[in-house]
Amino acid sequence: QKLSVDVLDHLEHLALVDFRDSEGVERLQKAIQFAEQLQEVNTDGVEPMDSVLEDRWCLYLREDDVTEGNCTKELLENAREKVEEYFVAPPGNIPLPKLEERETFLQSS
């Protein structure tokens, strides 16, 4: 099944992945075909779960021992952009091709 430009655009924005060339589109189509196999699984009568561990009475947690800390300054030195004490990761940080370019390689895939 062919991917529409709208679906491709939506997936690029969700995943921040660039499917600009025919190889990327082909890989995406194969991943969708693989995932569609889940539709064949019969889930009639199966209650949705919040967690795979929800049938346990008690979850066993480890002790939370802090061994290092106070390294905010060193960590933020790795940031390309920061605001106050936070990393900045702008949405849509991948260059997207023009609409005409996407239509061309979608037709050829």
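The values are calculated or read from the model by the stated rules, or taken from the named source; none is laboratory data. Being a predicted model, the structure only gives us computed values, none of them experimental. Every residue, glycine as well, gets a Cβ built from its backbone with ideal geometry; the counts of neighbours run over all protein chains shown. Protein only, heavy atoms only, side chains kept; ligands, DNA and RNA dropped before computing areas. Shrake-Rupley method; radii C 1.70, N 1.55, O 1.52, S 1.80 Å.
Within the bounds of region 75-94, is there any residue that is modelled with pLDDT under 75, surrounded by 10 or more Cβ atoms within 10 Å (Cβ to Cβ) and in contact with a helix residue (DSSP H, G or I) (Cβ under 9 Å, 6 or more places away or on another chain)?
From region 75-94, those modelled with pLDDT under 75 are 89-94; that's our starting set.
From what is left, the residues that are surrounded by 10 or more Cβ atoms within 10 Å (Cβ to Cβ) are 89, 94.
Subset that is in contact with a helix residue (DSSP H, G or I) (Cβ under 9 Å, 6 or more places away or on another chain): 94.
Yes: one or more hits.
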Which of (1) touching a residue at least 12 places away in the same chain (Cβ under 8 Å); (2) not in a loop (DSSP other than H, G, I, E, B) is the odd one out, the single condition ALA31 does not satisfy?
-> (1)
Restricting attention to region 34-67, which residues are among the aliphatic types (A, V, I, L, M) and not in a loop (DSSP other than H, G, I, E, B)?
-> ALA35, LEU38
Could you check THR43 against (1) surrounded by fewer than 10 Cβ atoms within 10 Å (Cβ to Cβ); (2) in contact (Cβ under 8 Å) with a residue 40 or more places away in the chain; (3) of a type in the set (Ser, Thr, Tyr) and say which number it fails?
-> (2)
Please tell me if ASP55 is modelled with pLDDT under 80 and open to solvent by less than 90 Å² (accessible area, probe 1.4 Å).
-> no
Tell me, which residue of region 1-40 that is among the hydrophobic types (A, V, I, L, M, F, W, C) and either under 22 Å from ALA89 (Cβ atoms) or modelled with pLDDT under 80 (or both) is most open to solvent (accessible area, probe 1.4 Å)?
-> LEU14
